[in-house]
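Here is the structure we will look at, set down as structure tokens.
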Amino acid sequence: MKELVTSILSDAITTLKSDGILNNDITPTIQVTHVKDKAHGDLASNLAMMLAKSAKCKPRDLAESIVKALPQHHGITKIEIAGPGFINFFIDDNWLTNQINEAAENFSKLVEKTRRPQTVVVDYSSPNLAKEMHVGHLRSSIIGDAVVRTLEYLGHKVIRQNHVGDWGTQFGMLLAHMEQIVKQHPNDSFNLGDLEIFYREAKKQFDDSTKFADRSRQLVVKLQSGDDYCLKLWKTFRLTSLNHCNSVYAMLNVSLNSQDVRGESDYNNDLQNIIDDLEKKNLLTVSDGASCVFLDEFTNQEGNPLPLIVKKADGGFLYATTDLAAIRYRQQKLKANHLLYFVDQRQSLHFQQIFKVARLANFVDKTTQCEHMGFGTMNGDDGKPFKTRTGGTVKLVDLLNEAKTRAYTTVKQKNPDLTEDELRKIADVVGISAVKYADLSKNRTSDYTFSMDAMLSLQGNTAPYLLYAYTRIASILKNSNVETHELKFNSIHLKQEEEKQLAAKLIRFNEVVNRVADKGSPHLLCTYLFELSSLLSTFYEKCHILKAEDAATKMSRLKLVVLVAEVIKQSLSLLGIKTLDKM
């Protein structure tokens with residue numbers, strides 16, 4: 001509905017420009033909002049107040065000119081001017097009924113796919129392979145995945161890039177520890193076992209033993225120079241680590257796989273080329289032996305330019321060098337129109353500098369969008385990043401297993417008659433969904449406090465609440481003794497206010513999905529889902545379905561709630577959350 005009003009307002013602006021009322025160089029951002037009090041319409045715009053100054057007239061006078069210039073549309077029954085110049089729009093019930101029936105007949109019509117598909121490269125998850133994935137990797141993995149799914153749903157070509165940390169100095173100590181184990185047990189098949197324990201053992205030796213530390217540094221040099229022995233050990237570690245990551249992705253229902261991995265090691269041979277190309281562009285400055293790029297717009301507290309260091313004094317490369325190589329690869333090889341990076345917002349300055357340098361060096365085209373989609377942290381009750389009781393980092397797999405265990409206990413208490421297989425299936429979906437949804441429902445840029453009890457609640461804006469809304473519709477349809485295909489011979493009739501509100505919310509699905517894609521913010525879809533499910537609950541209270549006053553009303557309402565179920569299922573799918581037929 002917003003799209004409808006925005007479109008006719010845009011037409012009105014064009015008319016006013018041709019009439020000389022507005023200057024041709026005015027290109028306003030048209031804002032349309034939903035009206036809470038239906039007595040004042042369904043939608044409103046403050047466009048007249050935004051343009052009044054440039055039009056050199058009173059807002060209300062301009063509002064009258066805009067209304068006169070608006071093209072007629074059968075979807076709008078009335079337009080009113082309110083207050084200092086708000087323009088209120090009343091949506092026609094018959095138009096809404098037609099729209100909802102079209103969507104019920106063909107669900108794909110509910111969302112308009114993009115008319116200008118882009119190639120979007122999305123960098124997300126990107127764990128460090130030196131250790132197991134921990135809770136700090138959750139947000140990047142699931143927020144990035146939800147946006148990826150949404151972009152694909154809208155018709156864009158999306159290329160996933162899992163920029164894993166599989167190179168660098170920390171691998172020297174890991175290789176040295178692996179070397180020891182292989183020598184001690186030459187006839188045993190190699191098994192890394194617990195990656196976290198393995199890392200701690202290697203780190204302890206690195207800190208305690210000068211001999212071990214020296215050997216670690218030697219192995220780093222050998223690895224970076226392509227030594228066969230080091231590469232063999234490194235590949236073993238890398239494969240084991242990636243297998244662990246893939247098992248976590250499968251548990252999370254995140255759509256990343258091995259084909260999406262292009263880690264730091266993949267750019268190793270191009271790093272010196274990056275330095276050479278920056279030098280050719282006269283962008284490099286040597287400072288204390290290090291090669292840097294200084295940009296005037298990035299300064300410290302004293303006002304001095306902040307360097308982007310791309311090569312250390314000892315010849316080593318940094319994250320910045322690898323990121324520049326990656327951005328060039330994504331532009332030139334993957335032909336990206338749009339680059340998205342789902343990385344902790346504390347890396348904001350780093351990406352601002354990277355994007356600026358990449359443009360100056362012509363590593364990306366002028367028309368290519370580069371965006372850092374930063375996010376906040378998952379905190380404990382103390383307001384600090386979530387840790388174990390002993391202060392250690394929480395493994396992501398442990399968190400997910402705990403969620404499934406708690407969900408199993410709750411489901412078993414409420415459904416003692418279910419089989420063990422059914423209990424496990426429901427508990428796995430509910431537990432994982434609860435963790436994911438609790439995160440996705442928060443504004444991407446905000447920190448939030450972790451609470452397993454709140455996540456698993458059947459009340460409020462939680463995954464269990466939404467899953468229950470879906471299963472309740474499935475139960476009603478089953479008890480109706482009506483097959484889904486039978487509903488196509490019936491139409492939806494919007495008579496009661498609760499039916500109209502539910503239908504109006506369904507029509508907004510298109511608007512919300514597109515906003516998620518534009519903003520990279522899945523919480524907008526979560527808010528929509530919660531509001532839709534809340535309206536569904538009110539609808540149940542006011543509008544009987546199985547005990548409707550007549551058969552036509554029963555079929556109409558059944559068809560309406562089936563469409564609600566489709567929207568819930570599709571929305572949860574975009575969030576990477578599975579649905580259940582019962583719980």
Considering only residues that are open to solvent by less than 50 Å² (accessible area, probe 1.4 Å) and outside any helix (DSSP H, G or I), which ones fall in the range 6-54? Leu22, Ile26, Pro28, Ile30, Val32, Val35, Gly41, Asp42, Leu43, Ala44, Ser45, Asn46
State all residues of the range 477-524 that are assigned to a helix (DSSP H, G or I), more than 26 Å from the chain's Cα centre (by Cα) and polar (S, T, N, Q); if no residue qualifies, say none. Asn479, Ser480, Thr484, Gln501
Output the number of the condition that Gly392 fails; it satisfies all remaining conditions of (1) surrounded by 14 or more Cβ atoms within 10 Å (Cβ to Cβ); (2) over 19 Å from Val254 (Cβ atoms). (1)
If I filter the range 79-104 down to residues being touching a residue at least 60 places away in the same chain (Cβ under 8 Å) and not in a strand (DSSP E or B), which single residue comes out as farthest from Pro59 (Cα to Cα)? Ala104
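Does Leu306 count as exposed (fewer than 13 other Cβ atoms within 10 Å of the Cβ), in contact (Cβ under 8 Å) with a residue 12 or more places away in the chain and farther than 30 Å from Gln218 by Cβ?
no
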Verdict on Ala326 being among the hydrophobic types (A, V, I, L, M, F, W, C), buried (at least 22 other Cβ atoms within 10 Å of the Cβ), modelled with pLDDT of 95 or more and outside any helix (DSSP H, G or I): no
Exactly one condition in (1) on the phi > 0 side of the Ramachandran plot; (2) touching a residue at least 24 places away in the same chain (Cβ under 8 Å) is false for Asn481; which is it? (2)
Test Ala474 against the criterion of being open to solvent by 10 Å² or more (accessible area, probe 1.4 Å), within 30 Å of Glu422 (Cβ to Cβ), touching an Asp or Glu at 6+ places or on another chain (Cβ under 9 Å) and assigned to a helix (DSSP H, G or I), and give yes or no. yes
Can you tell me which residues in the range 386-421 are in a helix (DSSP H, G or I), of a type in the set (D, E, K, R) and over 30 Å from the mean Cα position of the chain (by Cα)? Lys412, Lys414, Glu420, Asp421
Condition test on Phe171, is it at pLDDT below 90 and surrounded by 19 or more Cβ atoms within 10 Å (Cβ to Cβ)? yes
What number of residues within the range 106-163 are open to solvent by 50 Å² or more (accessible area, probe 1.4 Å), part of a strand (DSSP E or B) and modelled with pLDDT of 95 or more? 1
Going through the range 532-545 one residue at a time, which ones are assigned to a loop (DSSP other than H, G, I, E, B) and open to solvent by less than 60 Å² (accessible area, probe 1.4 Å)? Cys543, Ile545
Give the residues of the range 1-41 that are more than 19 Å from Ile79 (Cα to Cα) and of a type in the set (D, E, K, R), sorted by residue number. Lys17, Asp19, Asp25
Within the range 269-322, how many residues turn out to be assigned to a helix (DSSP H, G or I) and among the hydroxyl-bearing types (Ser, Thr, Tyr)? 3
Residues of the range 488-500 satisfying the condition of being of a type outside the set (Asp, Glu) and either crowded, with 20+ Cβ neighbours inside 10 Å or within 13 Å of Arg557 (Cα to Cα) (or both): Lys488, Asn490, Ser491, Ile492, His493, Leu494, Lys495, Gln496, Lys500
What residue, among those in the range 439-453 that are under 17 Å from Leu529 (Cβ atoms) and open to solvent by 10 Å² or more (accessible area, probe 1.4 Å), is nearest to the chain's Cα centre (by Cα)? Arg444
Taking only pairs six or more apart or across chains, which ones have beta-carbon atoms under 6 Å, a first residue in the range 289-303 that is surrounded by 12 or more Cβ atoms within 10 Å (Cβ to Cβ), and a second residue that is hydroxyl-bearing (Ser, Thr, Tyr)? Cys292/Thr285; Phe294/Thr285
The range 1-13 residues that are farther than 19 Å from Asn94 by Cα, paired with ones that are part of a helix (DSSP H, G or I) (beta carbon under 7 Å, 6 or more apart): Leu9/Leu47; Ala12/Ile66; Ala12/Ala69
Taking the range 546-576 as the search range and keeping residues that are open to solvent by 10 Å² or more (accessible area, probe 1.4 Å) and of a type in the set (A, V, I, L, M, F, W, C), which one is nearest to Thr419 (Cα to Cα)? Ala565
Got at least one residue in the range 329-338 being in a strand (DSSP E or B) and more than 28 Å from the chain's Cα centre (by Cα)? no
Given the conditions (1) at pLDDT 90 or above; (2) open to solvent by less than 40 Å² (accessible area, probe 1.4 Å); (3) in contact with a helix residue (DSSP H, G or I) (Cβ under 8 Å, 6 or more places away or on another chain), which single one is not true for Lys281? (2)
Name the single residue, out of those in the range 198-251 being among the small types (Gly, Ala, Ser) and touching a helix residue (DSSP H, G or I) at 6+ places or on another chain (Cβ under 6 Å), that is surrounded by the fewest Cβ atoms within 10 Å (Cβ to Cβ). Ala213
Lone unmet requirement of (1) surrounded by fewer than 20 Cβ atoms within 10 Å (Cβ to Cβ); (2) of a type outside the set (Asp, Glu); (3) under 16 Å from Gly136 (Cβ atoms) for Lys436: (1)
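The values are calculated or read from the model by the stated rules, or taken from the named source; none is laboratory data. In this text the structure is predicted, and so the values were computed from the model without any measurement. All Cβ positions, even for glycine, are placed from backbone atoms using ideal geometry, and neighbour counts span all protein chains on display. Ligands, DNA and RNA are excluded from the accessible area calculation, which covers all protein heavy atoms including side chains. Shrake-Rupley method; radii C 1.70, N 1.55, O 1.52, S 1.80 Å.
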